[in-house]
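First comes the structure, then the notes that go with it.
The values are calculated or read from the model by the stated rules, or taken from the named source; none is laboratory data. This is a predicted model, so every value here is computed, not measured. Using ideal geometry, Cβ is built from the backbone for each residue, glycine included, and neighbour counts are taken over all protein chains shown. When the accessible area is computed, the model is the full protein with side chains, heavy atoms only, and any ligands, DNA or RNA have been set aside. Shrake-Rupley method; radii C 1.70, N 1.55, O 1.52, S 1.80 Å.
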Amino acid sequence: MGYQHDLGCLVNQKAIIRVDRCSYCVIIAQICPCYIRAIELGTGNVKYFNFDRIDYIEDLLP
Amino acid sequence: MSCCKKNLGNYYARPYGGAVSPYGGYGPVAGAFGPGTVNPYLTDKCDCVAPGPICVDSCPSDFLPKEPIGVGGISSPCYNNSDVPCGCTLRDAACRLINQRAIIHVEGCKMCVIIIAVGKCFIKAVNYATNKVVYFNLNRINSIEDVLPRC
């Protein structure tokens, strides 16, 4: 629940999600209690990121 | 670049509909399944009758107490995209992908699979490159990629 409140400002924003030495450039679509639903910019696919496995999220400023 | 298919052409959005709105009449919103409520997406395909806490949108309730989700515009921090109800766990998200192609990322590796069942701790999937059944530990999954159908 805390994640949702803290990261709500990233919804509909472009961000880089770092997971296990890989970086994914995404647009965050939804913050859920245990995962983030995001659209990967390269493929256009919807990805579900497990919160427990995310190292950090980088907000891409305009 | 997807390992399942080249990323050529347009892709379709996955249709999700019929979510229950706690606001009544405002359409689908994130997280409408509380204790004792049967998730209509999940009952046909797995035993994910949502227990536990009600999932809420990204806004604190004191900030946006009674308004429907989406108020404030698409760029608002409080616009938690509500076309898909928010699952309480990654397992709920996986349940929606049953019988669909997906790419599961685990520990730096990724595998193109078709998810065939979701258990409490494992996802049962078929690796269609090798035709072998694989069980993924839900706690070890980095991410699940929904491979959308393409034109």
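Things worth noting here:
- Summing charges over neighbours of B:Phe122, with a neighbour being any other residue whose Cβ is under 12 Å away from its Cβ, gives +4 when K and R count +1 and D and E count -1.
- Accessible surface of the stretch B:96-146, 1.4 Å probe, proportion on carbon and sulfur as whole %: 55 percent
- Residues B:Val113, B:Val106, ordered by accessible area of protein heavy atoms at a 1.4 angstrom probe radius and largest first, appear as B:Val106, B:Val113.
- Using 0.36 nm per residue and subtracting the Cα-Cα separation, the extra length available between B:Tyr135 and B:Ile116 on full extension is 5.8 nm.
- Accessible area, probe 1.4 Å, largest first, for residues B:Phe136, B:Phe122: B:Phe122, B:Phe136
- Only protein heavy atoms count here; on that basis, with a 1.4 Å probe, B:Ile123 has an accessible area of about 0 Å².
- Solvent-accessible area per residue, Å², over the stretch A:2-59 with all protein chains present [probe radius 1.4 Å]: 39 Å²
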